[in-house]
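Input: a single structure, listed below in structure tokens.
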Amino acid sequence: MKLKIREADGPFEVVWDKLGIPHVYASTTADAYRGMGYVAGYERLWQIHLSCAYANGQAAALLGERFIAQDAFQRAFNVHGGHTDLPESKGDWIADAYLEGLNSYVSSLDEIPPEFLHAGAEPREFNRADIAARYRFTSWFQHKSWTEKMVLGRLMATHGVDYFSNHVLHFSEQDRNLIEELKEPLQNLNPKMINLAYPLLNIPSFSGSNNWAVTGELSESGKPLLATDPHQPFTIPNTFFYVHLNAGSWNTFGAAFPGVPYFMMGYTNDIAWGLTTGFVDCYDLFIEEIRENESKTHSGFKPLVTQTETIDVKGKSSKDVPIQKTDHGVLLEPFMKEMGMSDSTTQKYQTSLYWSLMDQATSAGALALLPTAKSTKEFGDLLFENEICPLVNNIICVDKESNLERYIATTTPVRKGVTGSVPLVGWEEKYKFPLAKPKQLKVEKNPACGFTLTANNDTMKETGEFYIHNFPTHGARADRITELLKEKEKFSVEDFCSMQLDLLDKRAEKILPDLLEILNQSEDKEVRLASKLLQRWDCYADLESVGACLYYPFLDRFWQGKHMHGILGDEFLKVLPLGAPGLNLFDIGSFSNPESPWKEHEESLKDLIQEEMRAIVDRVKLSLGDDPTKWRWGDLHKIEFWHSLRKQPAWKDLTLGPDEIGGSPTTLGMAMHIGKGPGRAEKDEIPYRVFHGPAYRLVVDLADPLHAKFVIAGGNGGRADSDFLTNHYGSWLKGDFLDLTLEREEINEHTVWQFNKTEKQ
């Protein structure tokens, strides 16, 4: 096949290997990115088109009126970047080259792809603004910490600070004073505001990931090792697009969102980097005093600012949505009324929301230069162009000289006095905070221990100048990585592969003793059976585990729904799983602390735990039978991959699974599940459907950067007729790794495309 890209510097080729990875071999870096853009369009054009619609607040124009609220809310906060100028960037030449390749593919189409026909849409060309919007949207959707601030503020104001202050990561005396000062408006917060964060879902958009690295001193090869496995929803096609670029002596391989030239994770001849969701607190929530169309400030009342967002709607007239703002940000209650989500905004106190990128411009090329770095220092400098980074991630980078650095790649406020864990007073000037400088976000360099890691945990600890991770996930996965990295003196690629599959649950190890102590006090037959089975459990969430069949249903049902609600009787607590996962520091031990107000509820807790465990045993029996020796976690816990258009002819019944799978949200072999639970699912349903986990696994040794261990959850293809849509699934499910080579002569070819090559040449 001979293809043309008009802007190309010269001839180049794309080679698809048998794994489904496109390798672009070019004489210039620009041509390599042109090839990357072209093949991304070929495999993932609909995915790119849809992602741009989401990022630009144009989903309603593509998909219909149910997306109006989502589009308007994002536009109110300038997620698309359209309210700020698009600045120039040193990396714009890469973005332009990528776009030239992508748009060349769009212009070469002879017919409209079936996804577009189904949606009644036509392919379009893309521009720099689309890339910048995609970066910003990535930051926006990963973590909605403002919902947690709202829930925590409401709970503390209603029941008392001491019930919850020890169950969040950071809390200060000034935070306590805020709860007292804002007690009345906090008690009246509308829990429906959480629906603004996830307007089309009953659950949040989870994100996660693991990564770790060691210096050459801790590796068998004498060079740094890096492992990374980003966690994403299990979909067909895969969230990421994987590609190798070569331009002479320069090689880079990695994972990128289709439609952008930014390698989120990857490696070159010189460096390797991995990324996790940082759970960075980029939001501040304010309680505002409102008088007619004015908000109270430190110097008196000031008129509200009103802007109108016009939302185009598929098959209908466009909708004008008025947005009201204070000095801090967007007022939420008027927006909710406009969207039909509440009845009134006449209350004296209302809520405004600030997002750190609202007024900050971001470029298209800002992150594209990362693979050109020769060292960790260069990489870190490139992360923060003009002191702005449109991400919310922890990033680890190692280089061939055995330097190791960790960064919090984000744009976030530097809060002083307060931690940012609860809502702030809108009429006091002191709660306007400056943004962090890059030097404050380059948080670790060449640690003495020789390793570093991130797993959505608190990566600042108490060493930081301010609080960044107010609501991280539970630290169990980070604890397990640390434990394993201390077990050996030297590590191999194979060691890191094994670590990525590890199924020991450190959270279960912590909770189980307290749980067993309570279960052992019961005389109930079923509760005693549960106690006996859990005493034998080694806290591994493997397929054959019996204890996992009881522990995880208990944790899911009781922890998320009953322990606080059952004792405090607060209906607001029913939104807790959605709005405040940061309260996961709460555990059974809280009830035995004599200095905690939960102590007086200790007997009630015991009754609730025993009652719930009795019910869980009954439910597990309904699903797995009366004989506990035949119970298996794998029989309750199954994975499915879906294509969003699986019911349409071109993708008819395109699913993977259901297949049994081990793991849990708190094991390194991560498996996030949702479902009705045992005994509640119908005969042909899955009690727990695993919907989220490692999108791919990668382990690379900089002693040999042209080879790596690698596997994708599903495959790298995106077209319905692709040979690579699901070709990795079997290996990924079994925990096998594939051998990735970037050596041209070693590649087992599947397809070769030649660009700009004439017969004479």
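Every number in this text was worked out from the coordinates using simple rules, so none of it is lab data. Quick caveat, the model's predicted, so the values are computed rather than measured. As a convention, Cβ positions derive from the backbone with ideal geometry for all residues, glycine included, and neighbour counts pool all protein chains shown.
What FRET efficiency do you get for Q174 and S107 if R0 is 45 Å and r is their Cβ-Cβ distance, rounded to the nearest 0.05? My answer for the efficiency is 0.20. Note on A650 and V305: with the Förster distance fixed at 45 Å, the Cβ-Cβ geometry gives a FRET efficiency of about 0.45.
The translational diffusion coefficient of the chain, from Stokes-Einstein at 10 °C and 1.306 mPa s with a Kirkwood hydrodynamic radius over alpha carbon pairs, comes to 58 µm²/s.
Rounded to the nearest 5, the antiparallel percentage of DSSP beta bridges internal to the stretch 507-691 is 60%. Note on T758 and D538: with the Förster distance fixed at 51 Å, the Cβ-Cβ geometry gives a FRET efficiency of about 0.20.
A cut-off of 5 Å between modelled amide H atoms, ignoring neighbours fewer than 5 places along the same chain, links T751 with W16.
Across the alpha-carbon atoms of the stretch 507-691, the computed radius of gyration and Dmax are 17.6, 63 angstrom.
The distance from the alpha carbon centre of the stretch 655-733 to that of the stretch 242-272 is 23 Å, rounded to a whole number. In order along the stretch 491-505, phi translates into HN-Hα couplings of 10, 10, 4, 4, 4, 5, 4, 4, 4, 5, 9, 4, 10, 6, 9 Hz, rounded to whole numbers, per the Karplus curve 6.51 cos²θ - 1.76 cosθ + 1.60 with θ = phi - 60° and x for Gly and Pro. Between the alpha-carbon centers of the stretch 82-106 and the stretch 406-428, tell me the distance in whole angstrom. Using only Cα atoms, the two centres lie 32 Å from each other. Each helix, a run of at least 4 DSSP H residues, gives -39500 (n - 2.57); summed and divided by the residues of the chain, these come to -8500 deg cm²/dmol at 222 nm. Under 5 Å from the amide H of V313 lie the amide H atoms of S318, K319, each residue being 5 or more positions distant or on a separate chain, with H modelled from the backbone and absent for Pro and chain starts. Segment L622..K490, full-extension length gain: 42.8 nm, with 0.36 nm per residue of separation and the alpha-carbon distance subtracted. Counted by neighbouring Cβ atoms within 10 Å, the residues L304, L424 run from fewest to most as L304, L424. Entry for the stretch 297-336 at q = 0.15, 0.19 Å⁻¹: log10 I(q)/I(0) = -0.46, -0.64, Debye formula applied to identical alpha-carbon scatterers, no solvent contribution.
In a simple Cβ point-charge model (Lys, Arg +1; Asp, Glu -1; nothing else charged), the stretch 262-371 has a dipole of about 220 debye relative to its Cα centre.
Once the mean of 1/r is taken over each pair of separate Cα atoms and inverted, the stretch 329-381 shows a Kirkwood hydrodynamic radius of 14.9 Å.
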